[in-house]
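**Q** Structure in structure tokens, see below.
The values are calculated or read from the model by the stated rules, or taken from the named source; none is laboratory data. Bear in mind the structure is a predicted one, so any value in this text is a computation, not a measurement. A quick note on method: Cβ atoms are made from the backbone with ideal geometry, for glycine too, and the neighbour counts reach across all protein chains shown. These accessible areas exclude ligands, DNA and RNA; they are computed on the full protein's heavy atoms, side chains included. Shrake-Rupley method; radii C 1.70, N 1.55, O 1.52, S 1.80 Å.
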Amino acid sequence: MFHEKYLRDFLLVCEKGNITGAARQLGLSQPSLSRIVKTVEKEAGMPLLVRDLNGVYLTQAGEIYARMARKLLEEYREALQEIHDIRDSRSGQIRLGLSRISSETLLPVILEQFRALYPRVELLLTETLIRNLNPLLHQGRLDLALTYFPDDPELAYTELLTDTVYLEAPPFFYRQRPGWRYGTGNVLEGTACLQQQPFILLKLGRGLRYMAENFFRQEDLQPRIILETDSVELAHRLVLENHGFTLIPGLAFHTLQKVDQSVFYQVPQQPLKRTLYLASRKGAYLTRAMVALCGLIRSSVAEKPPC
């Protein structure tokens, strides 16, 4: 018989690998939690855990049961979410996963609008590397994720927008070139001038770093990477201070300072663009609030580069 609490308690024991630690977190006594585990095992018809002095471990049957329990609880949560959405569409939670860059550039624009539409819907954010988002979706720990890589066949993707990525140049470079002006109207006809130039890039694992390395590889460039950072804002400020080049996504213009005093180049022979997708598990129910969040990102976050 389905008992949500028993399944959640059992999965916490599996996660902790220790009944005493799980009981402490649940506010239960160790004997009470042991009885719950035995009830679950009795229902399953065979032992699910192996107990020894170091803790507890899943048996083969336990692994099957834990997998079933996670799926069942996720389906149960989604069913309740759908019911609540039918009722008023103005309650519950949205667990959104996104990269730090997406968080910094998108949320300031859409958060106020979203809260005005759904003041009682809690938006829970998980900021991490994009490569970490898919496993969190599969595990049911996220409802939605923002990604630039729609390559998982088990996930569904909704295209939100296409963003241009610009090459931001330092003063020592553009002041030696005729015809430059502040803004994004500058065109770099060839990339040979970038050979061995200093670059400030995001750290490995970031989507923008992947794009940068792909650009260098296709153009057969060997840049001098003088600094790696997690912050687009810091990279931008260092370019303004004449330290080197960087890549700046158009969406970041909303949050960067002094973009009207910056020089950005486009590279016609190697256009730098990336498409942002909203990812979810295939078949997962999307509440009205989730659909609205998707719409806000698509309609309200239009690229607005400086003139």
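**Q** Report, by residue number, each residue of the stretch 104-153 that is among the aromatic types (F, W, Y) and closer than 21 Å to G207 by Cα.
**A** Passing the criteria: Y148, F149.
**Q** Could you tell me whether any residue of the stretch 57-67 is without any contact (Cβ under 8 Å) to a residue 40 or more places away in the chain and outside any helix (DSSP H, G or I)?
**A** yes
**Q** Considering the stretch 20-48 alone, what residues qualify as being of a type outside the set (D, E) and touching a strand residue (DSSP E or B) at 6+ places or on another chain (Cβ under 8 Å)?
**A** Once the filter is applied, which keeps residues that are of a type outside the set (D, E) and touching a strand residue (DSSP E or B) at 6+ places or on another chain (Cβ under 8 Å), the stretch 20-48 yields V37, L48.
**Q** Can I ask one more? Looking at (1) at pLDDT 85 or above; (2) of a type in the set (S, T, N, Q); (3) under 20 Å from A284 (Cα atoms); (4) in contact with a helix residue (DSSP H, G or I) (Cβ under 7 Å, 6 or more places away or on another chain), which one does Q113 not meet, given that it meets all the others?
**A** The failed condition is (3).
**Q** For the stretch 13-30, give me each residue that is open to solvent by 60 Å² or more (accessible area, probe 1.4 Å) and assigned to a helix (DSSP H, G or I).
**A** E15, K16, T20, R24, Q25, L26, Q30
**Q** A further question on this structure: Of all residues in the stretch 31-66 being open to solvent by 40 Å² or more (accessible area, probe 1.4 Å) and among the acidic types (D, E), which is nearest to L12 (Cα to Cα)?
**A** Within the stretch 31-66, the match that is nearest to L12 (Cα to Cα) is E63.
**Q** To continue, here is another question. Would you call L293 over 29 Å from H138 (Cα atoms) and open to solvent by less than 70 Å² (accessible area, probe 1.4 Å)?
**A** No; evaluated as a whole, the condition is false for this residue.
**Q** Just to be sure I understand the filter: pairs with C-beta atoms under 6 Å, separated by 6 or more residues or on different chains, first member in the stretch 189-218 and open to solvent by 10 Å² or more (accessible area, probe 1.4 Å), second member in a helix (DSSP H, G or I) and modelled with pLDDT of 95 or more. Which pairs pass?
**A** Close Cβ pairs satisfying both conditions: none exist.
**Q** Residues being assigned to a loop (DSSP other than H, G, I, E, B), within 25 Å of Y76 (Cβ to Cβ) and either open to solvent by less than 10 Å² (accessible area, probe 1.4 Å) or touching a strand residue (DSSP E or B) at 6+ places or on another chain (Cβ under 7 Å) (or both): count how many of those fall in the stretch 114-139.
**A** Number satisfying all stated conditions: 1.
**Q** Here's a follow-up. Would you check if P171 is open to solvent by less than 80 Å² (accessible area, probe 1.4 Å), within 20 Å of the chain's Cα centre (by Cα) and at negative phi?
**A** Here the answer is no, as P171 does not meet what is asked.
**Q** Between residues in the stretch 112-126 that are free of Cβ contacts under 8 Å to residues at least 40 places away in the same chain and residues that are open to solvent by 80 Å² or more (accessible area, probe 1.4 Å), which pairs lie under 6 Å by C-beta distance while being six or more apart or on different chains?
**A** R120/R90; E122/Q93; L124/Q93
**Q** Considering only residues of the stretch 140-165 that are open to solvent by 60 Å² or more (accessible area, probe 1.4 Å) and touching a helix residue (DSSP H, G or I) at 6+ places or on another chain (Cβ under 8 Å), which is nearest to K282 (Cα to Cα)?
**A** Within the stretch 140-165, the match that is nearest to K282 (Cα to Cα) is E154.
**Q** Oh, and also: Within the stretch 230-247, work out how many residues are among the basic types (K, R) and under 18 Å from L188 (Cβ atoms).
**A** The number of residues fulfilling the criteria is 0.
**Q** Now for a different question. Looking at (1) among the β-branched types (V, I, T); (2) open to solvent by 20 Å² or more (accessible area, probe 1.4 Å); (3) within 29 Å of T158 (Cα to Cα), which is the one condition that is false for I226?
**A** The one condition I226 does not meet is (3).
**Q** Continuing with the same structure: Of everything in the stretch 68-110 that's at pLDDT 85 or above and not in a helix (DSSP H, G or I), which residue is most open to solvent (accessible area, probe 1.4 Å)?
**A** Q93
**Q** While we're on this one: Restricting the first residue to the stretch 129-156 and requiring it to be over 20 Å from L293 (Cβ atoms), which pairs with a second residue that is at pLDDT below 90 and of a type outside the set (V, I, T) meet a Cβ separation below 6 Å and a spacing of at least six or different chains?
**A** Sorted first by the residue in the stretch 129-156, then by its partner, the pairs are L129/G205.
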